Amino acid sequence: MPELGPDTTFNGGVDWFFDEIDEALALNLPVKPVLIGPITYLWLSKSPVPGFDRLSLLPKLVIRYMRILETLKERGIEWVQLDEPALCLDLNEEWLEAFSAAYDVLGVSGVKVLLGTYFDTAADHAAMVSQLPVHGVHIDLIRAPQQLDVWRTALPADKVLSAGVIDGRNIWRADLGEIVGSLDALHAERGERLWIAPSCSLIHVPVTLASETKLGGELKLWLAFATEKLDELGTIALALRDPVAAEPALAAADAALDARRASGSVMNVLVQRKVAGIADAMASRKSPFIVRSRVQQHSLKLPLLPTTTIGSFPQTPAIRQARAAYKRGEMRALDYLERMRAETASVVRKQEELGLDVLVHGEVERNDMVEFFADKLWGFAFTENGWVQNYGSRCVKPPIIYGDVYRPEPMMVDAACHAI
């Protein structure tokens, strides 16, 4: 998150942005660069200076954006997308007026500007945005389909309406037939001024299913990662232009959806029985907190302010090497178990030497915390390369919930018993 103050300048250059554009242009690919918009940039920033008005930096920031757009124009770029999801928030009059101050300048830079919104509706500001000298607007019709009618009325016919109709935040195939049906009338109205797109950036989903060799064949047919979502957009575009040519692809999409609905792996009879047996009494404790607290104190005999430490100790190189060897089949399961138990014993002894009152297990055998527990449950599947960005440069490989989740056996009882 940028920290801004009265002395902040925007003079730095980022060569990698233009280097990647040049690389794509060298491959004769059409390029539409995407940048966070200046208003959202300032809105999401913070200042260590109490009372500092971040909007006071807008004139300097717009000059820098203008130089970026001019540099892109020199490279022959036709369209640039400036994302302004802040438009989906409750903005006061001062911040709303800032859009005119910024885009009255950026909209005449010589490149066409597509103003992007997502994650919620921006319909409350459709009239204002439609008056800006931008060349198109992107809206999220997955999270806020109700806003379409407002934008159809407000947006001038000569401007592009980019419809976010493929969910950029999940990994399931879309109902392409339903989407095409919802766009027929809009396509007849706007023609080439209607663009179709993911609802938001595809950074929230893995790159492709092509590298997944271990997912069950049935499950893999139900999924769509980033590359497959782009294929879905291609099918929708083809269906709007040439319905007959798109029939095979639409039929395949329908078949995948039908297979998922009918699959026995989605519904677990054991889970259904347990759900049917839920009673109101299950939501209540057998005794109040004051009673449980006294029992705990009598049993554990802890001091008034007991000491403890974090639950997960560092994953040492030795632990990581043992886990990797076990996954490659180079270490037997029993040998791996003994290695992890030895690490647990070391962690517990260290806490005892330090004189801590409440000891922790150390979680030496865990990898990613979510994956570790999901691996012990039914209803989860795991990818080989389904990495998504968590924050900054950190990526995670979350498991996929494809059906009813069931715990077939205790998850940590053996480990806890060994630690004790």
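Any residue in the stretch 129-142 that is under 30 Å from Glu218 (Cβ atoms), touching a Pro at 6+ places or on another chain (Cβ under 9 Å) and among the aliphatic types (A, V, I, L, M)? Walk me through it before giving the result.
From the stretch 129-142, those under 30 Å from Glu218 (Cβ atoms) are 141-142; that's our starting set.
Remaining after also requiring touching a Pro at 6+ places or on another chain (Cβ under 9 Å): 142.
Of the ones still in play, those that are also among the aliphatic types (A, V, I, L, M) are 142.
Yes, the conditions are met somewhere in the stretch 129-142.
For the stretch 130-150, give me each residue that is of a type outside the set (Asp, Glu) and more than 26 Å from the chain's Cα centre (by Cα).
Ser130, Gln131, Leu132, Pro133, Val134, His135, Val150 - these are the residues of the stretch 130-150 that are of a type outside the set (Asp, Glu) and more than 26 Å from the chain's Cα centre (by Cα).
Between a residue in the stretch 295-322 that is in contact (Cβ under 8 Å) with a residue 12 or more places away in the chain and any residue that is assigned to a helix (DSSP H, G or I) and hydrophobic (A, V, I, L, M, F, W, C), which pairs come within a Cβ distance under 6 Å, given they are 6 or more apart or on different chains?
Once the first residue is in contact (Cβ under 8 Å) with a residue 12 or more places away in the chain and sits in the stretch 295-322, its partners that are assigned to a helix (DSSP H, G or I) and hydrophobic (A, V, I, L, M, F, W, C) give Phe313/Val347.
Of all residues in the stretch 156-181, which are under 30 Å from Val113 (Cβ atoms) and either assigned to a loop (DSSP other than H, G, I, E, B) or without any contact (Cβ under 8 Å) to a residue 40 or more places away in the chain (or both)?
As a first pass, look at the stretch 156-181 and keep what is under 30 Å from Val113 (Cβ atoms): 156-170, 174, 176, 179-180.
Answer for the stretch 156-181, where residues must be under 30 Å from Val113 (Cβ atoms) and either assigned to a loop (DSSP other than H, G, I, E, B) or without any contact (Cβ under 8 Å) to a residue 40 or more places away in the chain (or both): Pro156, Ala157, Asp158, Lys159, Leu161, Ala163, Asp167, Gly168, Arg169, Asn170, Ala174.
Among residues belonging to the stretch 75-118 that are among the β-branched types (Val, Ile, Thr) and more than 15 Å from Ser162 (Cβ to Cβ), point out the one that is surrounded by the most Cβ atoms within 10 Å (Cβ to Cβ). Even if it seems obvious, please write down each step before you answer.
Quick first cut of the stretch 75-118, residues among the β-branched types (Val, Ile, Thr) only: 77, 80, 105, 108, 111, 113, 117.
Next, from what is left, pick out any that are more than 15 Å from Ser162 (Cβ to Cβ): 77, 105, 108, 111.
Details: Ile77: 19, Val105: 17, Val108: 12, Val111: 22.
Among those residues, the one meeting the criterion is Val111.
Suppose we filter Gln321, Gln296, Gln315 for residues that are over 33 Å from the mean Cα position of the chain (by Cα), surrounded by 10 or more Cβ atoms within 10 Å (Cβ to Cβ) and on the phi < 0 side of the Ramachandran plot; which single one remains?
Gln296
What strands (runs of 3 or more DSSP E) lie completely within the stretch 338-420 and have 2 or more residues being exposed (fewer than 14 other Cβ atoms within 10 Å of the Cβ)? Even if it seems obvious, please write down each step before you answer.
Details: elements: 378-381, 388-391, 394-396, 400-406.
Those strands (runs of 3 or more DSSP E) span 388-391, 394-396, 400-406.
Filter the stretch 305-320 down to the residues that are under 17 Å from Leu354 (Cα atoms) and outside any loop (DSSP other than H, G, I, E, B) and list them by number.
Once the filter is applied, which keeps residues that are under 17 Å from Leu354 (Cα atoms) and outside any loop (DSSP other than H, G, I, E, B), the stretch 305-320 yields only Ser312.
Exactly one of (1) loosely packed, with under 15 Cβ neighbours inside 10 Å; (2) farther than 23 Å from Val388 by Cα; (3) among the charged types (D, E, K, R) is unmet by Lys214. Its number?
(2)
Being among the hydrophobic types (A, V, I, L, M, F, W, C), in a helix (DSSP H, G or I) and modelled with pLDDT of 95 or more: is that true of Val137 here?
no
Among the candidates Thr121, Thr71, which residue alone is among the polar types (S, T, N, Q) and within 30 Å of Ala174 (Cα to Cα)?
That would be Thr121, the only listed residue that is among the polar types (S, T, N, Q) and within 30 Å of Ala174 (Cα to Cα).
Identify, please: which residue in the stretch 151-173 is of a type in the set (Gly, Ala, Ser) and within 17 Å of the chain's Cα centre (by Cα) and is, among those, surrounded by the fewest Cβ atoms within 10 Å (Cβ to Cβ)?
Gly168
Considering only the stretch 119-131, state which residues are hydrophobic (A, V, I, L, M, F, W, C), without any contact (Cβ under 8 Å) to a residue 60 or more places away in the chain and surrounded by fewer than 19 Cβ atoms within 10 Å (Cβ to Cβ).
Matches in the stretch 119-131: Ala127, Met128.
Among the residues of the stretch 103-123, are any of a type in the set (Phe, Trp, Tyr) and touching a Gly at 6+ places or on another chain (Cβ under 7 Å)?
First, the residues of the stretch 103-123 that are of a type in the set (Phe, Trp, Tyr): 103, 118-119.
Now restrict to residues that are touching a Gly at 6+ places or on another chain (Cβ under 7 Å): 118.
The answer is yes; a qualifying residue exists.
Give the residue that is nearest to Asn170 (Cα to Cα), with candidates limited to residues of the stretch 98-118 that are of a type in the set (Ser, Thr, Tyr) and within 29 Å of the chain's Cα centre (by Cα).
First, pick out the residues of the stretch 98-118 that are of a type in the set (Ser, Thr, Tyr): 100, 103, 109, 117-118.
Next, only the ones that are within 29 Å of the chain's Cα centre (by Cα) stay: 103, 117-118.
Values: Tyr103: 32, Thr117: 18, Tyr118: 14 Å.
Looking at residues that are of a type in the set (Ser, Thr, Tyr) and within 29 Å of the chain's Cα centre (by Cα), I get Tyr118.
Only one of (1) assigned by TED's automatic domain parsing to the domain that holds Gln146; (2) in contact with a Phe, Trp or Tyr (Cβ under 6 Å, 6 or more places away or on another chain); (3) aliphatic (A, V, I, L, M) is not met by Leu270, so which one is it?
Of everything listed in (1) assigned by TED's automatic domain parsing to the domain that holds Gln146; (2) in contact with a Phe, Trp or Tyr (Cβ under 6 Å, 6 or more places away or on another chain); (3) aliphatic (A, V, I, L, M), Leu270 misses just condition (1).
Residue-by-condition table, conditions (1) on the phi > 0 side of the Ramachandran plot; (2) without any contact (Cβ under 8 Å) to a residue 12 or more places away in the chain; (3) in a helix (DSSP H, G or I):
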site: Ala237; (1), (2), (3): no, no, yes
site: Arg273; (1), (2), (3): no, yes, yes
site: Arg292; (1), (2), (3): no, yes, yes
site: Met331; (1), (2), (3): no, yes, no
site: Leu334; (1), (2), (3): no, yes, yes
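The values are calculated or read from the model by the stated rules, or taken from the named source; none is laboratory data. Here the structure is a predicted model, which means the values were calculated and not measured. Virtual Cβ from ideal backbone geometry, glycine too; neighbours counted across all protein chains shown.
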